[in-house]
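Heads up, the thing below is written out as structure tokens.
The values are calculated or read from the model by the stated rules, or taken from the named source; none is laboratory data. Model, not experiment: these values are computed from the prediction. Glycine gets a Cβ as well: all are built from the backbone with ideal geometry, and neighbour counts include every protein chain shown.
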């Protein structure tokens, strides 16, 4: 009787709801931390240009301005839209990103499930979407720069959301009787914007779309392939245009000269392989990724990816495909830095391969668990897997409690920033021409540049901020 209750659909649904609630609670914590968002580093240069040149004038800086990074035109566009609301815009940035990201993942899973005839129950899809997104954020090496600093966020996190929605539009076409022209146009625009955020985002977008097109051509006799190939090609075309716009921008040329000659093309494949291999070795050694796969495998055992009976070798082939695509996309995300800088990208960039890896580990685990369900069908095994899945939720709970420690750190930084802002505003109201302010240490949040006195690394930030405020800033170090 007990075993029947533990394997009943009602009990399993409750487990899904518990898991989803925990993971969504973790995402809510990340959203809450956005109340501490403020302007840092490059933000001040963007802000000064928006104030003095206007929105269109700043966007036009793509063609000539080499003082910061206006070559990443999407960052400039979105930064201008957010700056129209000042600090509030920066605070809204993170919640909007997480909300659109989780909705996009849920829709994408639903569309793919419908096309492939797989499970499409909303609780199950919500659970996996929340699992992937929560750990993509939690495991980001430099969370502050990737999610809460406007320039870093728009450069590396925003394109992941846009790319997700490009694939939502692509897969959606497979369920329509006729190709939607306006959705095809929208997919092209989103591809152009996603690719215009950064080189790493652009290479991942082109690689993922090219992979999709190749698979669609391989399965060209299938209805879904015939219906989606056109919109996928349009998206791929605009993604390639985005890469070209980044490559030939003046700022890109200046940055490439700073790093000297790029990696020779003959050496590039080996370096890409070595760095990608090292990334996955470290990911496997990191118990977080293993536990993501384990939780997903348990969920796959309790909730198989399909209700149909498949041969075990089909699950193996699908898992192999997941591993290959995951490795290719991670390699694509690392390629620009390996080519130009001959090394790994900055930590804030790593949210891109982290998202790809979390997606791959979760999906691979789900497929593996579903395959094992075909082999081990004894009642006691199903009961054990159900109970273990419930117990496994202790892991995300543990990580959420650790993440909660960031509240105090972020609060202290924001209080220091707000105090300094008050001093500057008071000086402006008094008609002062200069004001003395204190730099804010970036080490507590992993490092981020702030105001510096002349001769120091961050003095260019001070100059941009002084230009924005219209007052001379004398900076003292803490």
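A residue that is part of a helix (DSSP H, G or I), surrounded by fewer than 17 Cβ atoms within 10 Å (Cβ to Cβ) and modelled with pLDDT under 95 occurs nowhere in the range 461-476.
A count restricted to the range 99-137 and to residues that are crowded, with 21+ Cβ neighbours inside 10 Å, touching a residue at least 60 places away in the same chain (Cβ under 8 Å) and either more than 20 Å from residue 301 (Cα to Cα) or not assigned by TED's automatic domain parsing to the domain that holds residue 283 (or both) stands at 10. Note on the range 259-287: among residues that are modelled with pLDDT of 90 or more and surrounded by 15 or more Cβ atoms within 10 Å (Cβ to Cβ), the one that is farthest from residue 138 (Cα to Cα) is 268.
Examine the range 206-218 for a residue that is more than 24 Å from residue 330 (Cβ to Cβ) and touching a residue at least 24 places away in the same chain (Cβ under 8 Å), and state whether such a residue exists.
No, because not a single residue in the range 206-218 is more than 24 Å from residue 330 (Cβ to Cβ) and touching a residue at least 24 places away in the same chain (Cβ under 8 Å).
Sort out which residues of the range 450-460 are part of a loop (DSSP other than H, G, I, E, B) and either within 17 Å of residue 421 (Cβ to Cβ) or out of contact with any helix residue (DSSP H, G or I) (no Cβ under 9 Å at 6 or more places or on another chain) (or both), and write them in order of number.
Across the range 450-460, the qualifying residues are 450, 451, 455, 457, 458.
Please indicate, with yes or no, whether at least one residue in the range 360-372 is touching a helix residue (DSSP H, G or I) at 6+ places or on another chain (Cβ under 7 Å), assigned to a helix (DSSP H, G or I) and over 22 Å from residue 130 (Cα atoms). Give the steps one after another, and end with the answer.
Filtering the range 360-372 down to residues touching a helix residue (DSSP H, G or I) at 6+ places or on another chain (Cβ under 7 Å) leaves 360-372.
Then drop every residue that is not assigned to a helix (DSSP H, G or I), which leaves 360-372.
Within this subset, residues satisfying the condition of being over 22 Å from residue 130 (Cα atoms) are 371-372.
Looking for residues that are touching a helix residue (DSSP H, G or I) at 6+ places or on another chain (Cβ under 7 Å), assigned to a helix (DSSP H, G or I) and over 22 Å from residue 130 (Cα atoms), one finds at least one in the range 360-372, hence yes.
Taken together, 317, 387, 344 contain a single residue that is touching a residue at least 12 places away in the same chain (Cβ under 8 Å), in a helix (DSSP H, G or I) and surrounded by fewer than 17 Cβ atoms within 10 Å (Cβ to Cβ), which is 387.
Given the residues 398, 459, which is the only one that is more than 30 Å from residue 113 (Cα to Cα), assigned by TED's automatic domain parsing to the domain that holds residue 319 and free of Cβ contacts under 8 Å to residues at least 24 places away in the same chain?
The match here is 398.
For the range 146-171, a residue qualifies if it is farther than 16 Å from residue 201 by Cα and part of a helix (DSSP H, G or I), and the qualifying residues are 148, 150, 168, 169, 170, 171.
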